[in-house]
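See structure below.
The values are calculated or read from the model by the stated rules, or taken from the named source; none is laboratory data. For clarity, every value in this text was computed on a predicted model and none was experimentally measured. Using ideal geometry, Cβ is built from the backbone for each residue, glycine included, and neighbour counts are taken over all protein chains shown. These accessible areas exclude ligands, DNA and RNA; they are computed on the full protein's heavy atoms, side chains included. Shrake-Rupley method; radii C 1.70, N 1.55, O 1.52, S 1.80 Å.
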Amino acid sequence: MKDMRGTLKKISEPATLSEGSLKFNAVLIGNSKIIWPKFISWLSSQYTSNKTEVNEDEVLNKILTNNPFDTFVTDSLTEALRSCFLDLTHEGNETLSQISSYEIHWSNGVHDNVSLDDVIIGKESYHKNSDEYHCSIEDKSSSFLLSMQRAAKVTGKYWHDEEGTKLCVHPEFGTWKSFRAVVIFHSKKSSDQKTLVPEAPAYCPCPVSEEEIERAKEIMQYALEISGDNKGYGGSLCKYLHHSVSRGSDWSKVSPAMRPWIQLRDCISIGRSKHKYCDNQLLYHYTKDPEILKKELKLIDKL
(Lines give C-alpha, C1' and ligand atoms only; values in the text may rest on other atoms or scores of the structure.)
Protein backbone atom coordinates (compact mmCIF):
# COMPACT_ATOMS: atom_id res chain seq x y z
CA MET A 1 0.00 0.00 0.00
CA LYS A 2 2.82 2.39 0.86
CA ASP A 3 4.51 1.68 -2.49
CA MET A 4 1.22 2.22 -4.32
CA ARG A 5 0.68 5.60 -2.68
CA GLY A 6 4.20 6.67 -3.58
CA THR A 7 3.59 5.60 -7.17
CA LEU A 8 0.37 7.60 -7.38
CA LYS A 9 2.11 10.69 -6.06
CA LYS A 10 4.88 10.30 -8.64
CA ILE A 11 2.35 9.83 -11.43
CA SER A 12 0.58 13.04 -10.45
CA GLU A 13 3.71 15.16 -10.87
CA PRO A 14 3.23 17.60 -13.77
CA ALA A 15 5.62 17.28 -16.69
CA THR A 16 6.76 20.86 -16.08
CA LEU A 17 5.79 23.58 -13.65
CA SER A 18 3.90 25.38 -16.40
CA GLU A 19 2.07 22.31 -17.70
CA GLY A 20 -0.77 20.44 -16.06
CA SER A 21 -0.46 17.21 -18.00
CA LEU A 22 0.81 14.15 -16.18
CA LYS A 23 4.49 13.25 -16.32
CA PHE A 24 3.65 9.53 -16.44
CA ASN A 25 0.27 7.93 -17.00
CA ALA A 26 0.62 4.16 -16.63
CA VAL A 27 1.92 1.58 -14.17
CA LEU A 28 2.76 -2.08 -14.84
CA ILE A 29 1.87 -4.22 -11.83
CA GLY A 30 3.20 -7.70 -11.17
CA ASN A 31 4.32 -9.99 -8.40
CA SER A 32 7.19 -12.14 -7.20
CA LYS A 33 7.04 -15.29 -5.05
CA ILE A 34 6.05 -13.11 -2.08
CA ILE A 35 2.44 -13.12 -3.28
CA TRP A 36 1.92 -16.82 -2.55
CA PRO A 37 1.82 -16.79 1.29
CA LYS A 38 -0.39 -13.68 1.13
CA PHE A 39 -2.77 -15.50 -1.21
CA ILE A 40 -2.88 -18.60 0.98
CA SER A 41 -3.59 -16.43 4.03
CA TRP A 42 -6.46 -14.74 2.14
CA LEU A 43 -7.77 -18.13 0.99
CA SER A 44 -7.69 -19.45 4.54
CA SER A 45 -9.64 -16.46 5.81
CA GLN A 46 -12.26 -16.95 3.09
CA TYR A 47 -12.68 -20.57 4.08
CA THR A 48 -12.71 -19.95 7.84
CA SER A 49 -15.26 -17.14 7.66
CA ASN A 50 -17.73 -19.15 5.58
CA LYS A 51 -17.50 -22.71 6.84
CA THR A 52 -19.61 -24.45 9.46
CA GLU A 53 -19.41 -27.99 10.78
CA VAL A 54 -22.18 -28.96 8.37
CA ASN A 55 -20.93 -27.43 5.12
CA GLU A 56 -17.12 -27.52 5.28
CA ASP A 57 -16.66 -29.52 2.08
CA GLU A 58 -19.30 -27.53 0.22
CA VAL A 59 -17.71 -24.21 1.16
CA LEU A 60 -14.24 -25.46 0.31
CA ASN A 61 -15.27 -26.66 -3.15
CA LYS A 62 -17.09 -23.40 -3.84
CA ILE A 63 -14.09 -21.28 -2.84
CA LEU A 64 -11.67 -23.33 -4.94
CA THR A 65 -13.81 -23.17 -8.09
CA ASN A 66 -12.85 -20.82 -10.96
CA ASN A 67 -9.27 -20.10 -9.93
CA PRO A 68 -9.49 -18.16 -6.63
CA PHE A 69 -6.00 -16.76 -7.25
CA ASP A 70 -7.43 -14.53 -10.00
CA THR A 71 -10.15 -13.37 -7.61
CA PHE A 72 -7.54 -12.57 -4.97
CA VAL A 73 -5.43 -10.55 -7.43
CA THR A 74 -8.29 -8.53 -8.93
CA ASP A 75 -10.00 -7.84 -5.60
CA SER A 76 -6.75 -6.91 -3.85
CA LEU A 77 -5.51 -4.55 -6.56
CA THR A 78 -8.92 -2.96 -7.07
CA GLU A 79 -9.25 -2.31 -3.35
CA ALA A 80 -5.65 -1.07 -3.04
CA LEU A 81 -6.22 1.56 -5.72
CA ARG A 82 -9.54 2.62 -4.21
CA SER A 83 -8.09 2.88 -0.70
CA CYS A 84 -5.06 4.86 -1.86
CA PHE A 85 -7.19 7.42 -3.63
CA LEU A 86 -9.50 7.73 -0.62
CA ASP A 87 -6.52 8.24 1.70
CA LEU A 88 -5.09 10.91 -0.57
CA THR A 89 -8.49 12.61 -0.69
CA HIS A 90 -8.65 12.81 3.11
CA GLU A 91 -5.14 14.23 3.17
CA GLY A 92 -6.02 16.88 0.60
CA ASN A 93 -3.19 15.66 -1.63
CA GLU A 94 -2.77 17.36 -5.00
CA THR A 95 -2.69 14.00 -6.77
CA LEU A 96 -6.45 14.20 -7.19
CA SER A 97 -6.25 17.54 -8.94
CA GLN A 98 -4.34 15.85 -11.77
CA ILE A 99 -6.23 12.55 -12.25
CA SER A 100 -9.83 12.17 -13.43
CA SER A 101 -10.13 8.40 -13.92
CA TYR A 102 -8.18 5.22 -14.47
CA GLU A 103 -8.42 1.97 -16.38
CA ILE A 104 -7.19 -1.41 -15.22
CA HIS A 105 -6.13 -3.63 -18.11
CA TRP A 106 -5.85 -7.13 -16.70
CA SER A 107 -3.51 -9.68 -18.22
CA ASN A 108 -6.44 -11.81 -19.43
CA GLY A 109 -7.82 -9.01 -21.62
CA VAL A 110 -10.59 -7.86 -19.28
CA HIS A 111 -10.50 -4.18 -18.40
CA ASP A 112 -12.23 -1.90 -15.87
CA ASN A 113 -12.96 1.82 -16.27
CA VAL A 114 -13.12 3.73 -13.00
CA SER A 115 -14.17 7.33 -12.44
CA LEU A 116 -12.25 8.95 -9.59
CA ASP A 117 -15.27 11.06 -8.63
CA ASP A 118 -17.29 7.89 -8.16
CA VAL A 119 -14.53 6.35 -6.03
CA ILE A 120 -14.58 9.40 -3.76
CA ILE A 121 -18.35 9.34 -3.22
CA GLY A 122 -18.37 5.56 -2.82
CA LYS A 123 -20.30 4.77 -6.00
CA GLU A 124 -19.54 1.57 -7.86
CA SER A 125 -18.63 2.74 -11.35
CA TYR A 126 -16.66 -0.18 -12.68
CA HIS A 127 -17.38 -1.19 -16.23
CA LYS A 128 -16.29 -4.80 -16.47
CA ASN A 129 -16.37 -7.00 -19.53
CA SER A 130 -18.19 -10.21 -18.74
CA ASP A 131 -15.91 -12.49 -20.77
CA GLU A 132 -12.24 -13.29 -20.67
CA TYR A 133 -10.33 -12.70 -23.89
CA HIS A 134 -6.96 -14.04 -22.89
CA CYS A 135 -5.45 -14.70 -26.30
CA SER A 136 -8.26 -14.31 -28.79
CA ILE A 137 -9.87 -10.88 -28.97
CA GLU A 138 -12.06 -11.97 -31.87
CA ASP A 139 -14.34 -9.17 -33.11
CA LYS A 140 -15.52 -7.92 -29.74
CA SER A 141 -14.98 -4.18 -29.59
CA SER A 142 -15.19 -4.22 -25.79
CA SER A 143 -12.02 -6.30 -25.49
CA PHE A 144 -8.53 -4.91 -25.58
CA LEU A 145 -5.68 -7.32 -25.03
CA LEU A 146 -2.69 -5.36 -23.80
CA SER A 147 0.62 -7.20 -24.12
CA MET A 148 2.17 -7.38 -20.66
CA GLN A 149 5.48 -8.52 -22.17
CA ARG A 150 5.74 -5.48 -24.44
CA ALA A 151 4.67 -3.17 -21.64
CA ALA A 152 7.44 -4.61 -19.47
CA LYS A 153 9.99 -4.26 -22.25
CA VAL A 154 9.36 -0.55 -22.81
CA THR A 155 9.87 0.21 -19.11
CA GLY A 156 13.54 -0.55 -19.66
CA LYS A 157 13.54 -2.83 -16.59
CA TYR A 158 13.04 -6.15 -18.38
CA TRP A 159 14.63 -7.91 -21.31
CA HIS A 160 12.11 -9.69 -23.57
CA ASP A 161 13.40 -13.07 -24.72
CA GLU A 162 11.74 -13.29 -28.12
CA GLU A 163 13.84 -16.23 -29.28
CA GLY A 164 13.81 -18.78 -26.47
CA THR A 165 11.40 -18.67 -23.54
CA LYS A 166 9.24 -15.82 -24.97
CA LEU A 167 9.22 -14.52 -21.37
CA CYS A 168 10.48 -11.26 -19.91
CA VAL A 169 13.66 -11.59 -17.87
CA HIS A 170 14.52 -9.22 -15.03
CA PRO A 171 18.23 -8.68 -14.22
CA GLU A 172 17.59 -9.67 -10.58
CA PHE A 173 14.38 -11.74 -10.51
CA GLY A 174 14.94 -13.52 -13.79
CA THR A 175 11.74 -15.20 -14.97
CA TRP A 176 10.36 -15.46 -11.44
CA LYS A 177 7.71 -12.76 -11.66
CA SER A 178 4.29 -12.49 -13.22
CA PHE A 179 2.51 -9.48 -14.69
CA ARG A 180 -1.06 -8.88 -13.55
CA ALA A 181 -2.24 -5.56 -14.94
CA VAL A 182 -1.42 -2.23 -16.50
CA VAL A 183 -3.20 0.70 -14.87
CA ILE A 184 -3.64 3.76 -17.08
CA PHE A 185 -4.42 7.11 -15.43
CA HIS A 186 -6.30 9.84 -17.28
CA SER A 187 -5.43 13.43 -16.46
CA LYS A 188 -7.65 16.43 -15.99
CA LYS A 189 -6.56 18.88 -18.67
CA SER A 190 -8.20 21.52 -20.79
CA SER A 191 -8.74 20.98 -24.51
CA ASP A 192 -5.98 23.42 -25.43
CA GLN A 193 -3.41 21.79 -23.16
CA LYS A 194 -0.67 19.78 -24.83
CA THR A 195 0.17 16.28 -23.64
CA LEU A 196 3.90 15.95 -23.17
CA VAL A 197 5.28 12.48 -23.83
CA PRO A 198 8.41 11.74 -21.77
CA GLU A 199 11.43 10.24 -23.48
CA ALA A 200 11.30 6.45 -23.47
CA PRO A 201 13.93 4.70 -21.34
CA ALA A 202 16.61 2.62 -23.01
CA TYR A 203 15.82 -1.06 -23.44
CA CYS A 204 17.25 -3.46 -20.87
CA PRO A 205 20.28 -5.28 -22.30
CA CYS A 206 20.17 -9.07 -22.55
CA PRO A 207 21.23 -10.58 -19.19
CA VAL A 208 20.99 -14.21 -20.39
CA SER A 209 23.78 -16.35 -21.79
CA GLU A 210 23.61 -17.58 -25.37
CA GLU A 211 23.76 -21.15 -24.10
CA GLU A 212 20.58 -20.70 -22.03
CA ILE A 213 18.78 -19.07 -24.95
CA GLU A 214 19.67 -22.00 -27.20
CA ARG A 215 18.52 -24.46 -24.54
CA ALA A 216 15.24 -22.53 -24.21
CA LYS A 217 14.71 -22.76 -27.97
CA GLU A 218 15.00 -26.55 -27.76
CA ILE A 219 12.53 -26.76 -24.88
CA MET A 220 10.10 -24.41 -26.64
CA GLN A 221 10.17 -26.51 -29.80
CA TYR A 222 9.51 -29.65 -27.80
CA ALA A 223 6.71 -27.95 -25.82
CA LEU A 224 4.97 -26.89 -29.04
CA GLU A 225 5.29 -30.35 -30.54
CA ILE A 226 4.00 -32.25 -27.51
CA SER A 227 1.14 -29.76 -26.95
CA GLY A 228 -0.08 -30.00 -30.53
CA ASP A 229 -2.69 -32.64 -29.77
CA ASN A 230 -4.67 -30.59 -27.24
CA LYS A 231 -7.77 -30.46 -29.43
CA GLY A 232 -10.03 -30.46 -26.40
CA TYR A 233 -9.40 -26.72 -26.07
CA GLY A 234 -10.57 -25.74 -29.54
CA GLY A 235 -7.06 -26.12 -30.89
CA SER A 236 -6.01 -23.08 -28.87
CA LEU A 237 -2.68 -23.34 -27.11
CA CYS A 238 -3.51 -20.24 -25.06
CA LYS A 239 -6.71 -21.79 -23.75
CA TYR A 240 -4.76 -24.90 -22.82
CA LEU A 241 -2.05 -22.98 -20.96
CA HIS A 242 -4.18 -20.30 -19.31
CA HIS A 243 -7.73 -21.62 -18.93
CA SER A 244 -7.39 -25.35 -18.42
CA VAL A 245 -7.31 -27.25 -15.14
CA SER A 246 -5.13 -30.34 -14.98
CA ARG A 247 -3.66 -32.62 -12.34
CA GLY A 248 -0.60 -31.21 -10.63
CA SER A 249 -0.78 -31.64 -6.87
CA ASP A 250 2.78 -32.97 -7.11
CA TRP A 251 5.34 -33.28 -9.90
CA SER A 252 4.49 -36.92 -10.61
CA LYS A 253 0.94 -35.95 -11.60
CA VAL A 254 1.86 -33.15 -14.06
CA SER A 255 0.99 -34.12 -17.63
CA PRO A 256 3.83 -34.64 -20.14
CA ALA A 257 2.36 -31.83 -22.27
CA MET A 258 2.57 -29.31 -19.42
CA ARG A 259 6.02 -30.21 -18.10
CA PRO A 260 8.10 -28.46 -20.80
CA TRP A 261 6.16 -25.21 -20.32
CA ILE A 262 7.14 -25.21 -16.65
CA GLN A 263 10.68 -26.17 -17.56
CA LEU A 264 10.94 -23.12 -19.87
CA ARG A 265 10.67 -20.73 -16.94
CA ASP A 266 13.27 -22.69 -15.02
CA CYS A 267 15.92 -22.89 -17.74
CA ILE A 268 17.07 -19.30 -17.09
CA SER A 269 19.51 -19.28 -14.16
CA ILE A 270 19.17 -15.59 -13.20
CA GLY A 271 17.16 -15.21 -9.99
CA ARG A 272 16.58 -18.95 -9.64
CA SER A 273 18.39 -19.48 -6.34
CA LYS A 274 16.71 -16.56 -4.55
CA HIS A 275 13.40 -15.86 -6.27
CA LYS A 276 12.14 -19.17 -7.66
CA TYR A 277 8.55 -20.02 -6.74
CA CYS A 278 7.95 -22.83 -4.28
CA ASP A 279 6.62 -26.06 -5.83
CA ASN A 280 3.00 -25.43 -4.84
CA GLN A 281 3.00 -21.94 -6.33
CA LEU A 282 4.75 -23.03 -9.50
CA LEU A 283 2.53 -26.05 -10.07
CA TYR A 284 -0.68 -24.15 -9.32
CA HIS A 285 0.14 -21.32 -11.73
CA TYR A 286 0.42 -23.85 -14.54
CA THR A 287 -2.12 -26.56 -13.64
CA LYS A 288 -4.62 -24.68 -11.45
CA ASP A 289 -5.23 -27.95 -9.65
CA PRO A 290 -7.45 -27.19 -6.61
CA GLU A 291 -5.87 -30.13 -4.77
CA ILE A 292 -2.76 -27.95 -4.35
CA LEU A 293 -4.80 -25.35 -2.47
CA LYS A 294 -6.47 -28.00 -0.34
CA LYS A 295 -3.02 -29.21 0.61
CA GLU A 296 -1.96 -25.68 1.57
CA LEU A 297 -5.04 -25.18 3.74
CA LYS A 298 -4.42 -28.48 5.52
CA LEU A 299 -0.89 -27.32 6.33
CA ILE A 300 -2.33 -24.17 7.92
CA ASP A 301 -4.79 -26.22 10.00
CA LYS A 302 -1.89 -28.19 11.46
CA LEU A 303 -0.04 -25.09 12.67
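Quick check on Ser191: is it within 19 Å of the chain's Cα centre (by Cα), modelled with pLDDT under 70 and not β-branched (Val, Ile, Thr)? I'd like the intermediate steps shown before the answer.
Working: within 19 Å of the chain's Cα centre (by Cα): no; modelled with pLDDT under 70: yes; not β-branched (Val, Ile, Thr): yes.
Answer is no for this residue.
Taken together, the residues in the stretch 201-240 that are outside any helix (DSSP H, G or I), under 23 Å from the mean Cα position of the chain (by Cα) and modelled with pLDDT under 85 amount to 1. When Leu96, Leu145 are screened for being at pLDDT below 80, open to solvent by 30 Å² or more (accessible area, probe 1.4 Å) and aliphatic (A, V, I, L, M), only Leu145 passes.
Applying the set (1) touching a residue at least 24 places away in the same chain (Cβ under 8 Å); (2) open to solvent by less than 20 Å² (accessible area, probe 1.4 Å); (3) of a type in the set (A, V, I, L, M) to Leu282 leaves exactly one unmet item: (1).
Scanning the stretch 27-41 for residues that are aliphatic (A, V, I, L, M) and either open to solvent by 70 Å² or more (accessible area, probe 1.4 Å) or in a helix (DSSP H, G or I) (or both) gives Ile34, Ile35, Ile40.
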